[in-house]
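Novice: First the structure, which I've put down as structure tokens, then a few questions once you've had a look.
The values are calculated or read from the model by the stated rules, or taken from the named source; none is laboratory data. Since this is a predicted model, take the numbers as computed values, not measurements. Cβ atoms come from the backbone with ideal geometry, glycine included; neighbour counts cover every protein chain shown.
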Amino acid sequence: MDELNWKIRIPLLKNRLIRNQLALAIGIPFGILCLVLLLLQAYNGLALVGATLVLAFLLVLFIFRGTYDVEFTLDEQGISCETQNKQKKRVRRMASATAVMGVLAGNPTATGAGLMAGARTNERLLWKRIRKVKYLDQQRTIMLRAGWGEAIAVFCTEENYQEISAAIQQNLGT
């Protein structure tokens, strides 16, 4: 099998899968926090949380230009997903800045978050480890899951979705 490579820019707010994952990752904890603040009638805290969310949203749109830029490589051993170099540099700069500010502020949580933020810019799943595959044809996305915490969303273009789907099926023997 030949190696397949492709790059793709996924709009953060237009892609349903990314929107759903963001809603889970951000919506649940902040929803619970807002509910608690409402029950405590801490309206100033609620306004502060809301302003922080809006500011974070605008910052992400500005820094990442509203897209997730990723490159995939599919070969005989497995599939790799790597953030494209230009965006990877931005991620690492933000992660480093967060870690440094956390150290300066004496906040180990912020330091840890900064260190972890830049860690997953390159993922690789081996075919033999993949346990579950889900094809999202309308979104041209293939979800691959291996062990706990090992997952890749394979975003395809309109032109290569059928070829990538077939290559994944062939390598997994399904």
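Novice: For Ala99, are the conditions met, namely being small (Gly, Ala, Ser), in a helix (DSSP H, G or I) and under 30 Å from Asn5 (Cα atoms)?
Specialist: So Ala99 does not fit the description; no.
Novice: Continuing with the same structure: Which residue pairs have Cβ atoms closer than 6 Å, lie 6 or more positions apart in sequence or on different chains, and pair a first residue in the range 24-39 that is under 17 Å from Val54 (Cβ atoms) and without any contact (Cβ under 8 Å) to a residue 60 or more places away in the chain with a second residue that is among the aromatic types (Phe, Trp, Tyr) and part of a helix (DSSP H, G or I)?
Specialist: Final answer for the pair search is none.
Novice: Also, quick follow-up: Conditions first: (1) at pLDDT 85 or above; (2) of a type outside the set (Asp, Glu); (3) surrounded by fewer than 15 Cβ atoms within 10 Å (Cβ to Cβ); (4) within 30 Å of Asn171 (Cα to Cα). Ala47 passes all but one, so which condition is the exception?
Specialist: (4)
Novice: Looking only at the range 59-85, which residues are surrounded by 14 or more Cβ atoms within 10 Å (Cβ to Cβ) and part of a helix (DSSP H, G or I)?
Specialist: Across the range 59-85, the qualifying residues are Val60, Phe64.
Novice: Looking only at the range 126-174, count every residue that is part of a helix (DSSP H, G or I), touching a residue at least 40 places away in the same chain (Cβ under 8 Å) and under 20 Å from Glu71 (Cβ atoms) and tell me the total.
Specialist: 7
Novice: Scan the range 81-97 and report the pairs whose first residue is over 10 Å from Gly114 (Cα atoms) and whose second residue is among the basic types (Lys, Arg) and part of a helix (DSSP H, G or I), with Cβ atoms within less than 8 Å and a gap of 6+ or a chain change.
Specialist: Going by the 8 Å Cβ cut-off, the qualifying pairs are Glu82/Lys88.
Novice: Something else: Kindly evaluate Ile79 against the criterion of being of a type outside the set (Gly, Ala, Ser) and in contact with a strand residue (DSSP E or B) (Cβ under 7 Å, 6 or more places away or on another chain).
Specialist: Answer is yes for this residue.
Novice: Only one of these conditions is not met by Leu13: (1) assigned to a helix (DSSP H, G or I); (2) touching a Lys or Arg at 6+ places or on another chain (Cβ under 8 Å). Which number is it?
Specialist: All conditions pass for Leu13, except number (1).
Novice: Let me ask you something else. When Gly114 is evaluated against the numbered criteria (1) in contact (Cβ under 8 Å) with a residue 12 or more places away in the chain; (2) of a type in the set (Gly, Ala, Ser); (3) outside any helix (DSSP H, G or I), which criterion, by number, is the only one it fails?
Specialist: Only one criterion is unmet by Gly114, namely (3).
Novice: If you don't mind, there's one more thing I want to ask. Among the candidates Asn44, Asn20, Asn15, single out the residue that is polar (S, T, N, Q) and touching a strand residue (DSSP E or B) at 6+ places or on another chain (Cβ under 9 Å).
Specialist: Result of the check over Asn44, Asn20, Asn15: Asn15.
Novice: Next question. Could you list, in sequence order, the residues of the range 151-160 that are more than 14 Å from Ile10 (Cα to Cα) and of a type in the set (Asp, Glu)?
Specialist: Glu159 - this is the single residue of the range 151-160 that is more than 14 Å from Ile10 (Cα to Cα) and of a type in the set (Asp, Glu).
Novice: Can you tell me which residue is farthest from the chain's Cα centre (by Cα) among those in the range 28-44 that are assigned to a helix (DSSP H, G or I) and surrounded by 13 or more Cβ atoms within 10 Å (Cβ to Cβ)?
Specialist: Filtering the range 28-44 down to residues assigned to a helix (DSSP H, G or I) leaves 28-39, 43-44.
Imposing the further condition that a residue be surrounded by 13 or more Cβ atoms within 10 Å (Cβ to Cβ) reduces the set to 30, 33-34, 37.
Numbers: Phe30: 18, Leu33: 23, Cys34: 24, Leu37: 29 Å.
Top of the filtered list is Leu37.
Novice: Okay, next question. Considering only residues that are farther than 20 Å from Pro11 by Cα and either surrounded by 12 or more Cβ atoms within 10 Å (Cβ to Cβ) or modelled with pLDDT of 90 or more (or both), which ones fall in the range 132-150?
Specialist: Here is the first cut: in the range 132-150, the residues farther than 20 Å from Pro11 by Cα are 132-134, 144-150.
Within the range 132-150, Lys132, Val133, Lys134, Leu144, Arg145, Ala146, Glu150 meet the criteria.
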